[in-house]
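Asker: Take a look at this one; I'll ask things after.
Please treat every number below as a calculation from the coordinates, not as lab data. Everything quoted here is computed from the prediction, not taken from an experiment. Note that each Cβ is placed from the backbone with ideal geometry, even for glycine, and that neighbours are counted across all protein chains shown.
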Amino acid sequence: MPIRRKHVYLSVLSIITWMLICAQVSAQGTTGFEILRLQTHPRGSALAGAVIADAGNIESLYYNPAGLGTVDKRAASAGYMNYVLDIGSGYMSYIQPDPHWGGVWGVGLTYTNYGDFDGRSATGENLPTFSATDIVLNVAYAIHYREKFNIGLGGKFAYSEIESYTGSALAFDLGAQYTLIADRMGLGAGIFNIGWTTKAFVDTKDSLPLYYRIGIWGTPEGLPAKLFFSMTLYEEYADNYSIGNLSGSGFLDLLGEIYYSAGAEFHPQDAVFLRIGYDTRGLDQKVGTRKDALAGICGGFGLDVGFIRMDYGLASYGELGLVQRLSLSRSF
């Protein structure tokens, strides 16, 4: 192993150890900066976010930084999301292999606008309208190690503005992937949003929405589809359990706090991809109306004509409505 690459691996191991320690001592209770949980890319959204084990795509920057490890070309992507309640969000991202160090760099910028709000005083008097925005900067680095492993580290800086109040946070992601069968099956795992609030809106610094996710992808023999499955545990639920009581019914209770996602990507023609998925978080979105049946269901398609790729994703949030995402990507 070249000395330079050996130093890279030792540095990554040190950072991983530090991040795991931070995850264990992260603040408890309610969380802030929920924007850090929001899905960004239409392909990942159409597959219910179950793509933590998927590698080699620019959207890995947002779903598992380790997935950048097998990227062999520069790529750029830009997209827009039409969210519920007049919320709009756009992003730009860029990735590039680094032959000097043997890894892959990635950077992304997401901007979200929540529209205008009518101002009211404590006594109900009209005040000037105000707006709210979020900006998230993503930076990631990944390496492909010994043919079967991908390891990735990501950093995020989040900035929020509501009326004249501002807040900021710094977070990190740690991801890993393992190839079980080349081009047929792989595993992925990660810890996301390890960090802290660097500036509170007023006085209280909320903890960040830390979560753990594991998943798998595979292409079964004779089935013309790539299948994805993942499980996600949010720290606010994990706090209710300890290692000592994770046996018997305690372990079953913990499984009940896990969200499950599954997706399938069909490739009927060279340039066409069809996608469908389901996230059990849709169960939390049911409010007793006819739209409950659609909550958690998502889908979309992709068109790859060589010089550019277009992806579209549509997800149902039940009574809240539908969320549409559209992106254009290019490798060069």
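Asker: Taking one equal scatterer on every alpha-carbon of the stretch 3-331, how large is log10 of I(q)/I(0) by Debye at q = 0.12 1/Å?
Answerer: Calculated log10 I(q)/I(0) at the listed q: -0.89.
Asker: Along the principal axes of its C-alpha atoms, what lengths does the stretch 111-187 span, in descending order and rounded to whole Å?
Answerer: 64, 23, 18
Asker: Right, another one. Please report, for the Cα atoms of the stretch 72-162, the Rg to one decimal and the Dmax as a whole number; what are they, in angstrom?
Answerer: Cα radius of gyration and Dmax of the stretch 72-162 are 19.4, 65 Å respectively.
Asker: Given the options Gly263, Trp217, Tyr111, identify the residue whose Cα lies farthest towards the positive end of the charge dipole of the stretch 3-331 (+1 on Cβ of Lys, Arg; -1 on Cβ of Asp, Glu).
Answerer: Towards the positive end, the residue furthest out is Trp217.
Asker: Picking from Ser89, Trp196, Leu47, whose Cα lies most toward the positive end of the charge dipole for the stretch 3-331 (charges on Cβ: Lys, Arg +1; Asp, Glu -1)?
Answerer: With unit charges placed on the Cβ atoms, the residue in question is Leu47.
Asker: When you have a sec, figure out the Kirkwood radius of the stretch 259-332 from all distinct Cα pair distances and drop it here in Å to one decimal?
Answerer: Across the stretch 259-332, the inverse of the average 1/r is 13.4 Å.
Asker: Related question: Scan around Asp98 for amide H atoms under 5 Å from its own, H built in the peptide plane at 1.01 Å from N, and keep only partners 5 or more places away or cross-chain.
Answerer: Correct list: Gly103, Val104, Trp105.
Asker: Taking the convex hull of the Cα atoms, report for the stretch 145-192 its projected area averaged over all directions, in nm².
Answerer: For the stretch 145-192, averaging the hull's shadow over all directions gives 4.5 nm².
Asker: Taking the stretch 118-182, which chymotrypsin sites (Phe, Trp or Tyr not before Pro) meet the DSSP loop condition and have no more than 13 other C-beta atoms within 10 Å?
Answerer: Sparse-neighbourhood loop chymotrypsin sites (Phe, Trp or Tyr not before Pro): none present.
Asker: Per residue of the stretch 146-161, what does 6.51 cos²θ - 1.76 cosθ + 1.60 with θ = phi - 60° give for ³J(HN,Hα)? Whole Hz please, x for Gly and Pro, Karplus curve as stated.
Answerer: These are the phi-based 3J(HN,Hα) values: 6, 6, 10, 10, 10, 10, x, 10, x, x, 9, 10, 10, 10, 10, 9 Hz.
Asker: Related question: Rounded to the nearest 20 debye, what is the charge dipole size of the stretch 3-331 about its Cα centre when +1 sits on each Lys and Arg Cβ and -1 on each Asp and Glu Cβ?
Answerer: Dipole size: approximately 1080 debye.
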